[in-house]
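J.: A single structure is presented below for examination.
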Amino acid sequence: MHHPSSRQPIGLGRVLAGLGLALVALLGGAFAQGKPTTITFAQSVAVTDLGPAYGAFLNYPAGYEVGYVIYDRLVTFNADLKIVPQLATSWETSSDGLTWTFHLRHGVKFQDGTPFDAQAVKFNIERMMDSKRNTTNRPLWDPIAGAKVVDPYTVQIITNKPYAMLLNTLAHGSGAMVSPTAIEKNGDKSMTTKPVGTGPYMLDSFIPGQEVVLKAFPDYWGGKPPVDRLVFKYVPDASTRVAALRAGQVDVIDDIPPQLAVTLKGDPNISLIAKPGLRPMGFAINTNHAPLDNLDVRQALNYAVPRDAIAKNIFLGYAQAADSPLAFNTFGHQSIGGFSYDPAKAKQLLAAAGWTPGPNKMLQKDGKTLTLSMYTPEGLFPGDVDVAQVVAKSLEDVGIKVNITKIDKGGYWDYLRQPLDQLKWDIAMFGFNPSNGAGTYQMDSLFVSNPNPQQPPVAWNITRFDNSQVDSLVNQAKVTIDPQKRADLLGQAEKIVWNDAPYIWLQVNESISATRSNVAGVEVWPTLFTIVRDAHLK
Amino acid sequence: MLTYTLWRIARIIPVALVVVTLIFLLFRMVPGDPARAIAGSQALESTVEQIRHQLGLDRPIYVQYWNYLKGLPRGNLGFSGIYQGNAAPVIIQHLPPTLALLGSSILLTILIGVPAGIVSALNRGNAVDYVISLLVVGMLSIPNFWLGMMLISLFAVSYHLLPSFGFSSALALVLPTLAVSARLVAVVARMTRSSMLEVLQRDYVRTARAKGLNHSVIVYKHALRNALIPTITTVGLQAGYLLGGSIVIEQLFAWPGIGQLMINSVGLRDFNMVQGITVIFSIGFLVINLLVDLVYAIVNPRIEYR
């Protein structure tokens, strides 16, 4: 945490004081010059697993954050989620879009001394293709058909159909290149506790669920890493993380709630980093359940909710009102907008659908009050219960009765994914975070129609959204390699989805991390990751 | 005494078995799917199925139960999907911080609580008694998480005297120990005071006084030994609860102990881990109970076991 002593102008008084200090230092045996430099990162989630396969870096996002330091990938994201070279220096796609050729960096070594080459890439790609070894992240890896060694520094990856998101998959945490010799020596699952990659820091010690200590890898291809040790510690309580940062006990912290972030704003010793995430929050609407099958009603719900006020007041400005089914930093995002807060318009649309105020001002039709069952998790999404209460209140203001059910975060996903006839919610809070940064992945998971709407959704189309035009646009985007064309296709699909309102669209939150002001190089990625790979002391 | 001890140890086994069975069944009734927790929220249904198969969760419940029981004597607490391995070593790694906090808190509680209770009882009704009682009520009313936050903000953030979190050194024990023991000290002081007062009014104490025995001999040899029995029971019970980790304090101080592991594992539906912690917790609780009974005999030789 401390620099080796810095140089200052020398005066007589200083010399004497210095001699005194030197004596103390000698007596204390403290060799300040040799003291290793350390950066400590207090994480909100415990790291329990360091391997890219067999569950992949549990828990999210903490394990990935360590994985991005120990391992390299062929390509990686930069802080703006653009794809940049890492172990591959360049690449090209065949004209049919099925073969990708990667040219590898020379002189790269794994942390166990094994040279990194095309054979190692083939080994890793085939490992991740194997669904027995790599059980998670299947949608990312299933489209890949194989890998071929062309020469020691050239490798080809082959897909069955053109796979537009291939680079996103390779840049994803699960694209980590692990040492084949280490796997051979220590066993197939050894990366879980004994990771060996080509990144700037290698494992020193690991107590699962408590802390990870990394030390600089002297033979790192990018040159000598800037600090001697990187320490990741699990600190679950946000106020404790903030206290530890203010006390100087740690150098980097993540997941700061907006209410605590504002208290750090004036502190000269601390720098805040906030970055809009990739997860647009909203309330999924059960579009099969009357009266929510009516477009006017769904649009009315969207006009009735003050999404700007939610972003500004609940999240103190660390959120923005969504303007598309994709978040602002997701590839393919197109700003659509509309649905600005307008309760009068909401009432008008509801009246058009036959819902008129009854004696107690609540809306009625054929003697039945308009009542919605709302599900919200507790502590799963940022500010979830607060947001749910504001949304319920705004819906009641236009005359809709709302019954809120709060669900423990561990069981929440199960309630979302029931077969259609068992769904107990009309609206349920949900947000999808495309961890590979690709809008195609998100549109495909949420809005391509389910093969059988009665069954639990295959991915996350829990609203049972069903629009043949969206299906064909997204399926086309999946096989369109040209980024501009792909973004156009996604943009058209986004517009249809947004206006059809299968969600009450809400906000996109910012991820907030902070560092001591003497630490530089920490990045916060829109994928919720706080990356300390290039962290150094100023 | 020896027979009694052995008998008590033997009795632990059926009780532990009942606890294991109950926990095993209860955890299969709560909503939430451990396979989905491992697969991640965005996984496909087929992926979840595959993990469920790997964990054996698709097998009949009695098969799962029998396999679990078979593994216990060999220290196999079951596969934790979150830690990708046997739950036992993970639990063992989380034990030292909890035991350290338990030990230091109980020590502090006895060192302060018992003397405070005695002094308070001996000064019944005068200023000293009032001051101690006031402190006791204060310490009982302050929530421990609030006290913890105040301690962090004062000693770690403002004055940089002590570490704010973590199990890194002996110094790091100071703040969580204070936060845990404040309430325990108050409970023990109150318990000691009232049982001391009761004993001091007994006939045998009056007799001892009438015999002209030295005041301190009466208090420490005759009265205290009898008065300590309820106090020991209280301390033993509290120690048992602390074995499960003071969840709030462990969260607040990022104390990597059993309580923190427990709360994480519940959130992630890591059934085997939670079961494992519960098994170790219940056995530990039974052992502490046994120790408490044995301490009774040491403190008060009139208590005998056959």
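The values are calculated or read from the model by the stated rules, or taken from the named source; none is laboratory data. Predicted model only: the values in this text are computed from it and were never measured. So basically every Cβ, Gly included, is an ideal-geometry build from the backbone, and we count neighbours across all protein chains shown. Heads up: the accessible areas ignore ligands, DNA and RNA and are worked out on the full protein's heavy atoms, side chains in. Shrake-Rupley method; radii C 1.70, N 1.55, O 1.52, S 1.80 Å.
J.: Largest first, please: the extent of the C-alpha atoms of segment A:360-508 along each principal axis, to the nearest Å.
T.: Here the spans come out as 56, 36, 29 Å, largest first.
J.: At 37 °C and a viscosity of 0.692 mPa s, what translational diffusion coefficient does Stokes-Einstein give for segment B:1-119, taking Rh as the Kirkwood radius over Cα pairs? Give it in µm²/s as a whole number.
T.: 181
J.: List the trypsin sites (Lys or Arg not before Pro) in segment A:362-452 that DSSP assigns to loop (not H, G, I, E or B) and whose Cβ has at most 12 other Cβ atoms within 10 Å. Which are they?
T.: A:Lys424
J.: Ignoring ligands, DNA and RNA and using a 1.4 Å probe, state the total buried accessible area between B and A in Å², rounded to the nearest 100.
T.: So the total buried area for this chain pair works out to about 3500 Å².
J.: Over chain A, average the accessible area per residue using a 1.4 Å probe and give it in Å², no decimals.
T.: 39
J.: For segment A:277-423, give the share of DSSP beta bridges that are antiparallel, in percent and rounded to the nearest 5; count only bridges with both residues there.
T.: Restricted to segment A:277-423, the bridges split so that about 35 percent are antiparallel.
J.: Report the one residue of B:Val63, B:Ile110, B:Ile263 whose Cα lies farthest in the direction of the positive end of the charge dipole of chain B (charges on C-beta: Lys and Arg +1, Asp and Glu -1; origin at the Cα centre).
T.: B:Ile110
J.: Please give me the summed charge of the neighbours of A:Val497: other residues whose Cβ is under 14 Å from its Cβ, Lys and Arg +1, Asp and Glu -1. Each step should come with its number before you reach the end.
T.: On the way: positive: A:Arg298, A:Arg464, A:Lys495; negative: A:Asp323, A:Asp444, A:Asp466, A:Asp471, A:Glu494, A:Asp500.
With Lys, Arg at +1 and Asp, Glu at -1, the net is -3.
J.: For B:Ile9, what accessible surface area do you get with a 1.4 Å probe? Give it in Å², rounded to 10.
T.: 80
J.: Also: Put one equal scatterer on each alpha carbon of segment B:70-114, apply the Debye formula with no solvent term, and list log10 I(q)/I(0) at q = 0.22, 0.28 1/Å to two decimals.
T.: Debye intensities relative to I(0), on a log10 scale: -0.74, -0.93.
J.: With every protein chain kept in place and ligands, DNA and RNA left out, what is the accessible area per residue of chain B? Probe 1.4 Å, answer in Å².
T.: Per-residue value: 49 Å².
J.: With a 1.4 Å probe and every protein chain left in place, tell me how much accessible area A:Lys312 has, in Å² to the nearest 10.
T.: 140
J.: Roughly how many percent of the accessible protein surface of segment B:91-299 is carbon and sulfur, given a 1.4 Å probe and a whole-percent answer? All intermediate terms of the calculation are to be shown ahead of the outcome.
T.: Working: 6530 of 9210 Å².
C and S atoms contribute 71 percent here.
J.: Which order do you get for A:Arg73, B:Arg209, B:Arg8 if you rank them by accessible area with a 1.4 Å probe, largest at the top?
T.: Largest accessible area first, the list is B:Arg209, B:Arg8, A:Arg73.
J.: Can you list the residues in segment A:220-241 whose accessible area drops by at least 50 Å² when all protein chains are present, compared with the chain alone? Use a 1.4 Å probe, heavy atoms only.
T.: Checking the loss per residue gives A:Tyr234, A:Pro236, A:Thr240.
J.: Next up: I'd like the distance separating the alpha-carbon centroids of segment A:405-427 and segment A:258-287, in whole Å.
T.: If you average the Cα positions of each part, the centres end up 26 Å apart.
J.: If you don't mind, there's one more thing I want to ask. Where a ≥ b ≥ c are the square roots of the eigenvalues of the C-alpha gyration tensor, would you call segment B:91-299 rounded, which needs a/c under 1.5, or, failing that, prolate if a/b is larger than b/c, or oblate?
T.: Since a/c reaches 1.5 but b/c is at least a/b, the shape of segment B:91-299 is classed as oblate.
J.: On to the next question. Taking chain B as the reference, fit the longest principal axis to its C-alpha atoms, fit the long axis of helix B:271-299 to the helix C-alpha atoms, and give the angle between the two in degrees, 0 to 90, nearest 10.
T.: It is inclined by approximately 20 degrees.
J.: Share of antiparallel DSSP beta bridges in chain A, in percent to the nearest 5?
T.: Looking only at bridges with both residues in chain A, the antiparallel portion is about 75 percent.
J.: Using just the helices of chain A, give the 222 nm mean residue ellipticity in deg cm²/dmol: DSSP H runs with n ≥ 4 each add -39,500 (n - 2.57), and the total is spread over all residues, rounded to 500.
T.: Roughly -8000 deg cm²/dmol at 222 nm, from the helical runs in chain A.
J.: To the nearest 10 degrees, how steep is helix B:87-122 against the longest Cα principal axis of chain B, on a 0 to 90 scale?
T.: 20
J.: Right, next: With a 1.4 Å probe and all protein chains in place, put A:Asp386, A:Asp500 in order of accessible area, largest first. Provide the component values of the computation, followed by the final result.
T.: Values: A:Asp386 80, A:Asp500 50 Å².
Largest accessible area first, the residues go A:Asp386, A:Asp500.
J.: Past 25 Å, Cα to Cα, is the threshold; run A:Lys122/A:Lys485; A:Lys109/A:Lys148; A:Lys189/A:Lys233; A:Lys361/A:Lys495; A:Lys35/A:Lys185; A:Lys189/A:Lys224 against it and keep the listed order.
T.: As for pairs spanning more than 25 Å Cα to Cα, those are A:Lys122/A:Lys485; A:Lys361/A:Lys495; A:Lys35/A:Lys185; A:Lys189/A:Lys224.
J.: For A:Gly337, what charge total do you get from the other residues with a beta carbon under 12 Å from its beta carbon, if Lys and Arg give +1 and Asp and Glu give -1?
T.: Around A:Gly337, the charge tally is -1.
J.: Now, a different point. Share of chain A's accessible area from carbon and sulfur, percent, 1.4 Å?
T.: Accessible surface attributable to carbon and sulfur in chain A totals 53 percent.
J.: Also, I was wondering about something else. Based on a Kirkwood Rh over C-alpha pairs, give the Stokes-Einstein translational diffusion coefficient of the protein assembly as shown at 20 °C and viscosity 1.002 mPa s in µm²/s.
T.: For these conditions, the coefficient is 71 µm²/s.
J.: Could I ask something else about it? Which value, in Å² rounded to 10, gives the accessible area of B:His53 with a 1.4 Å probe and all protein chains present?
T.: 120
J.: Which net charge results when you count Lys and Arg as +1 and Asp and Glu as -1 among the other residues whose beta-carbon is under 13 Å from that of A:Pro377?
T.: Summing Lys and Arg as +1 and Asp and Glu as -1 gives -3.
J.: Which residue, chosen from A:Val242, A:Phe232, A:Pro258, occupies the Cα position most advanced towards the positive end of the dipole of segment A:215-265, where the dipole is computed from +1 (Lys, Arg) and -1 (Asp, Glu) charges on Cβ about the Cα centre?
T.: The listed residue farthest towards the positive side: A:Val242.
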